[in-house]
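> Next up is a structure, given as structure tokens.
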Amino acid sequence: NAPPARWQRKAKESGGPGPSPAAGVSPMKPANRSYSSSKTPSRTPGKSGSKIQSTPTKAGGDRYIPNRSTMQMEMANFLLTKENDPAEESPTKKEQHKAWAVNLNGFDIEEAKILRLSGKPQNAPEGYQNNLKVLYSQKMTPGSSRKNSRYIPSMPDRILDAPEIRNDYYLNLIDWSSQNFLAVALDNSVYLWNHTSGDIIQLLQMEHPDDYVSSVSWIKEGNYLAVGTSNAEVQLWDVHQQKRLRNMTSHSSRVGSLSWNSYILSSGARTGHIHHHDVRVAEHHVATLAGHTQEVCGLKWSLDGRYLASGGNDNLVNIWPCTQGDSGDFAPVQTFTQHQGAVKAVAWCPWQSNVLATGGGTSDRHIRIWNVCSGTCLSAVDAHSQVCSILWSTNYKEFISGHGFAQNQLVVWKYPTMAKVAELRGHTARVLNLTMSPDGATVASAAADETLRLWHCFEMDPIRKKEKEKANSAKSSIIHQGIR
């Protein structure tokens, strides 16, 4: 089936030190004092003249000056006054001072004054080098005040039309595969966009017109796509053959969230139940997690496969282990209740396996960072708007959040300081989902304004990029078990 004409690519052009301090140094000049010995010192009252004792004439005076009355104050005053008077230099003396200034500074001070009473300041002479520049450039700027030198374009690199995308906060409608295919669910159809070639193919369309696609998720290898539907189905598709491999029915309501952990596919439904599907076997439904009383809208396995994080419309965040307990049932190892709104945004930190970020809906608006082992909240920040999605960067110690009412923007945050790095605006309605390219450089945002926007917000330095590609080429995992 040919894709609709409206889902076309639109190219959009992406948009784009203070003077060194110098202080005039005034050397301290020592004060000149004249002293003279007194032949007739004053006598201490009440003492005989046979014994002369030198004391100040006034109480509280300087006891180290034997006599103030005979000091040559007039001569000292004259010398100090004369020293401050401007001396009239001879032409020879002026030329000598000018030569000294040129040798020391590289220019004549009188001819290069910056501050003037009138007129424009003169430019520095050609070839002039500021000698103080070396002093100030040697001191490194402290990390806390160092300005972020990384350029983040404020405009999207590309805009795609996404007609009839469902404006539903609880659904997860886009996902980007490791093979560089972007899957987008538009009402009752799923389209694949090849980021490398730009080709668009329609993978599937629901048979009944009232049914719609409610979630999509790629397996790690990128060759299979899981699709959740409004009629409680979980479908598996081979994207290379464009063929449905199996249809797994175990839920009783729509499936709004999906997440893979090797050959285990977890699905969250409107009933609040989470099902584990083993895609290798015929009896795929192997476990049920019952920890939510309302729809599960956020679902994500940790990168090491140890924990599953789930967020629900009941404002809860549950952390589930990958194995059953002693009783044979699954029970959450942690339950976080601090959010005051639905929790759809759940994301695991790629470099700290026990750190989880979560975001709350309109009545909460907070982003919280958790240590799932200790159960402590590491930090919380008020985003001032509905949090719809969170993605951690694999290239920087940062993460990005997508928001709804009232700003409809994307925000890049520094971790762990939680300082804002950039705000990306352009969507005219709430951001529904975020997903990231396999190289970690580009973020795709789907919004209720029926557009997809691609942002180059985590572009890596070319040298670091080459090193990362070299490391990743050595790590390639495949599933040895076949899907039945």
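> Using a Förster radius of 60 Å, what is the FRET efficiency between N354 and W100 based on their Cβ-Cβ separation? Nearest 0.05, please. The partial results should precede the final answer.
Numbers: r = 68 Å, r/R0 = 1.13.
The calculated FRET efficiency here is 0.30.
> Just to check, using Stokes-Einstein with a Kirkwood Rh over alpha carbon pairs, what's the diffusion coefficient of segment 170-299 at 4 °C and 1.567 mPa s in µm²/s?
89 µm²/s
> Now for a separate question. Run the simple label-point estimate for Q294 and Q202 please: 7 Å along Cα→C-beta, distance reported in nm.
3.6 nm
> A further question follows. Using only alpha carbons, build the gyration tensor for segment 416-468 and give me the equivalent ellipsoid semi-axes, biggest first, whole Å. Write out the running numbers ahead of the final one.
Details: eigenvalues 119, 43, 15 Å².
Taking √(5λ) for each eigenvalue gives 24, 15, 9 Å, largest first.
> What do the square roots of 5 times the Cα gyration tensor eigenvalues come to for segment 159-471, in whole Å, largest first, as semi-axes of the equivalent ellipsoid?
The answer is 26, 24, 20 Å, longest axis first.
> Then there's this: Among 157-170, 398-411, how do they line up by average Cβ neighbours within 10 Å per residue, starting with the highest?
Ranking the peptides 157-170, 398-411 by packing returns 398-411, 157-170.
> Sort 203-209, 239-245, 358-364 by the packing proxy (mean of other Cβ within 10 Å over each peptide's residues), most packed first. Spell out each step's value before the answer.
Numbers: 203-209: 15.0, 239-245: 12.9, 358-364: 22.0.
Listed from highest to lowest mean packing, they are 358-364, 203-209, 239-245.
> If each Cα of segment 346-459 is one equal point scatterer, what is log10 of I(q)/I(0) from the Debye formula at q = 0.10, 0.24 Å⁻¹?
-0.26, -1.45
> Amide H of M155 versus every other amide H placed in the peptide plane: which residues, excluding those fewer than 5 positions away on the same chain, fall under 5 Å?
Answer set, sorted by chain and number: G15.
> Let me ask something additional. Using packing as a proxy for protection, rank 343-350, 373-380, 437-444 so that the peptide with the highest average count of other Cβ atoms within 10 Å comes first. Could you put the intermediate results ahead of the total?
Values: 343-350: 23.5, 373-380: 12.9, 437-444: 19.8.
Descending mean neighbour count gives 343-350, 437-444, 373-380.
Where a number appears in this text, it was derived from the coordinates with a stated rule and is not lab data. As the structure is a prediction and not an experimental result, all values here were calculated from the model. Ideal geometry is used to build each Cβ from the backbone, glycine not excepted, and the neighbour counts take in all protein chains shown.
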